[in-house]
1. Quick check on my filter: what residues within segment 41-58 are open to solvent by less than 50 Å² (accessible area, probe 1.4 Å), among the acidic types (Asp, Glu) and modelled with pLDDT of 95 or more?
2. Which condition from (1) at pLDDT 95 or above; (2) outside any loop (DSSP other than H, G, I, E, B) is the one that Gly61 breaks?
3. Can we say Glu260 is open to solvent by 10 Å² or more (accessible area, probe 1.4 Å), closer than 30 Å to Asn184 by Cα and either free of Cβ contacts under 8 Å to residues at least 40 places away in the same chain or part of a loop (DSSP other than H, G, I, E, B) (or both)?
4. Test Ser65 against the stated conditions and say whether it is more than 16 Å from the ligand (Cβ to nearest atom), touching an Asp or Glu at 6+ places or on another chain (Cβ under 7 Å) and either open to solvent by 50 Å² or more (accessible area, probe 1.4 Å) or of a type in the set (Ser, Thr, Tyr) (or both).
5. Look at Asp403 and say whether it is open to solvent by less than 50 Å² (accessible area, probe 1.4 Å), without any contact (Cβ under 8 Å) to a residue 60 or more places away in the chain and of a type outside the set (A, V, I, L, M).
6. Name the residue, out of Tyr325, Tyr398, that is open to solvent by 50 Å² or more (accessible area, probe 1.4 Å), assigned by TED's automatic domain parsing to the domain that holds Asp304 and of a type in the set (Phe, Trp, Tyr).
7. Confirm whether Arg349 is open to solvent by 10 Å² or more (accessible area, probe 1.4 Å), over 21 Å from Tyr288 (Cβ atoms), touching a strand residue (DSSP E or B) at 6+ places or on another chain (Cβ under 8 Å) and among the basic types (Lys, Arg).
8. Give segment 380-389 a look and list any residue that's touching a helix residue (DSSP H, G or I) at 6+ places or on another chain (Cβ under 6 Å) and closer than 26 Å to Leu91 by Cα, or say none.
Amino acid sequence: MEKLMIRGGHPLRGTVTISGAKNSAVALLPAALLAETEVRLDNLPRLSDVAVYAEILEELGGRVSWNQDSMVIDPSGLRSKAMPNGKVKLLRASYYLMGAMLGRFGEATIGLPGGCNFEPRPIDQHIKGFEALGATVTNDHGSIRIFAKELRGAKVYLDVASVGATINIMLAASRAKGSTIIENAAKEPEIIDVATLLNAMGARIKGAGTDTIRIEGVDAMHGCRHSIIPDRIQAATYMIAAAATRGDMLVDNVIPKHLEAVTAKLQELGVHVYEMDEAIRIVGQPTYEAVDVKALIYPGFATDMQSPMTSLLTQANGVSILTDYVYSNRFKHVPELVRMGANIRVEGRSAIIEGSKLNAAKVKAADLRAGAALVVAGLTVEDGITEVSGVEYIDRGYDYLVDNLRMLGADVWREAKS
Ligand code: EPU
């Protein structure tokens with residue numbers, strides 16, 4: 001186990017290149033199971049979650065080979081296999097094996113997913129979708145067993161616009177007989193990315209990115225080459241870190257449209273933000289004014305960005321209120337920020353943040369984005385060394401973090417945890 005050591009107080013200056021989106025990658029890898037020939041994914045991030053997913057595909061008989069940031073998945077040796085335990089428990093996104101294997105083999109047995117459990121995260125909408133397609137779903141001692149003699153297209157209305165449920169239903173419905181319509185579908189860019197891959201594999205999906213997605217099932221799917229969209233959460237984290245350290249950073253290889261909510265909020269705080277075709281420049285300012293933030297489903301301000309944003313709001317004058325309407329209690333970073341001198345209290349699903357100077361402390365990341373929040377906070381501290389443990393969570397979503405931060409002028413390193 002390692003910890004991240006941060007001697008803060010250095011404005012981040014320079015260019016950072018954003019990698020492919022984690023939340024796309026962990027859906028695209030299982031989606032490749034639906035093809036009968038090779039799928040090549042380009043711009044894959046080098047993350048622990050991606051490495052674990054590749055090992056899961058190999059356990060199922062797929063052949064996986066890396067070439068720099070590309071991966072080729074040869075699904076020709078794939079077989080149906082129950083996966084009740086083991087690696088599937090390490091990843092929340094292992095739930096995508098349910099839809100992919102159901103589509104490919106008509107059955108799936110997958111241990112209930114692990115991952116970042118910042119609060120109970122139900123999968124009832126995924127199950128409702130599989131059942132609508134004609135599958136029988138049972139929970140057998142913590143494993144979900146799904147079986148269908150024949151998948152038939154259906155209309156599914158999601159009670160909540162869930163990213164995972166939308167993708168899982170698209171995966172299974174791509175191979176169902178007839179048409180499926182998902183109403184109140186999630187609209188996140190990662191959903192469009194998955195639909196683009198599936199369509200390149202021969203699926204017939206329309207409407208991804210809107211709240212109504214139509215899928216005409218097909219009998220067979222083939223390989224293709226696909227490049228993953230940039231990671232908007234990683235990009236937002238660097239944008240926030242640039243603002244928090246009063247730096248001047250070019251965040252390169254992004255789709256600025258995916259970052260509009262964070263761009264607008266940073267401008268409201270007083271940060272100077274310049275949008276280019278595929279990059280965003282952030283110029284930090286000496287003072288910021290408090291703002292209120294509402295984390296919502298896309299295109300609102302993403303819940304995944306709210307934790308690092310909390311750290312930035314500690315640097316603003318006045319009182320900011322940050323409310324998360326997606327998760328009711330995603331505030332595991334707050335007690336740690338308080339240990340660093342932040343003045344924050346949580347009331348219901350809101351964090352009330354009063355601007356204050358932070359100081360160095362030993363803090364623990366309890367989940368991925370909570371970890372990102374602590375890194376942003378540590379970078380602002382002018383005296384002393386902030387020690388962030390729980391780095392294994394941060395490694396799930398930020399590849400080359402230390403290299404990137406050092407290139408931007410931060411004094412950051414990893415140390416073995418004593
Ligand atoms: N929900 C249900 N029932 C379901 C599914 C979801 O009630 O069957 C609720 C959840 O409890 C939550 C809301 O619906 O309140 C949205 O959850 P969603 O299903 O959209 O989340 P997810 O698919 O499990 C993905 C990302 C998360 C991100 C959320 C929200 C992946 C692998 N994960 O999770 O990313 O926070 O969407 O945008 O795509 C992260 O990157 O750190 C992360 C946690």
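The values are calculated or read from the model by the stated rules, or taken from the named source; none is laboratory data. Source: prediction; values computed, not measured. Here the Cβ positions follow ideal geometry from the backbone for every residue, glycine too, while neighbour counts run over all protein chains shown. Side chains are part of the model used for accessible areas, which takes the heavy atoms of the whole protein and leaves out ligands, DNA and RNA. Shrake-Rupley method; radii C 1.70, N 1.55, O 1.52, S 1.80 Å.
1. Scanning segment 41-58 gives a single hit, Asp42.
2. (2)
3. Criteria met by Glu260.
4. Numbers: more than 16 Å from the ligand (Cβ to nearest atom): yes; touching an Asp or Glu at 6+ places or on another chain (Cβ under 7 Å): no; either open to solvent by 50 Å² or more (accessible area, probe 1.4 Å) or of a type in the set (Ser, Thr, Tyr) (or both): yes.
So Ser65 fails the test.
5. Working: open to solvent by less than 50 Å² (accessible area, probe 1.4 Å): no; without any contact (Cβ under 8 Å) to a residue 60 or more places away in the chain: yes; of a type outside the set (A, V, I, L, M): yes.
Criteria not met by Asp403.
6. On the way: Tyr398 fails: open to solvent by 50 Å² or more (accessible area, probe 1.4 Å).
Of the residues listed, the single one that is open to solvent by 50 Å² or more (accessible area, probe 1.4 Å), assigned by TED's automatic domain parsing to the domain that holds Asp304 and of a type in the set (Phe, Trp, Tyr) is Tyr325.
7. On the way: open to solvent by 10 Å² or more (accessible area, probe 1.4 Å): yes; over 21 Å from Tyr288 (Cβ atoms): yes; touching a strand residue (DSSP E or B) at 6+ places or on another chain (Cβ under 8 Å): yes; among the basic types (Lys, Arg): yes.
Yes: the conditions hold for Arg349.
8. Val388
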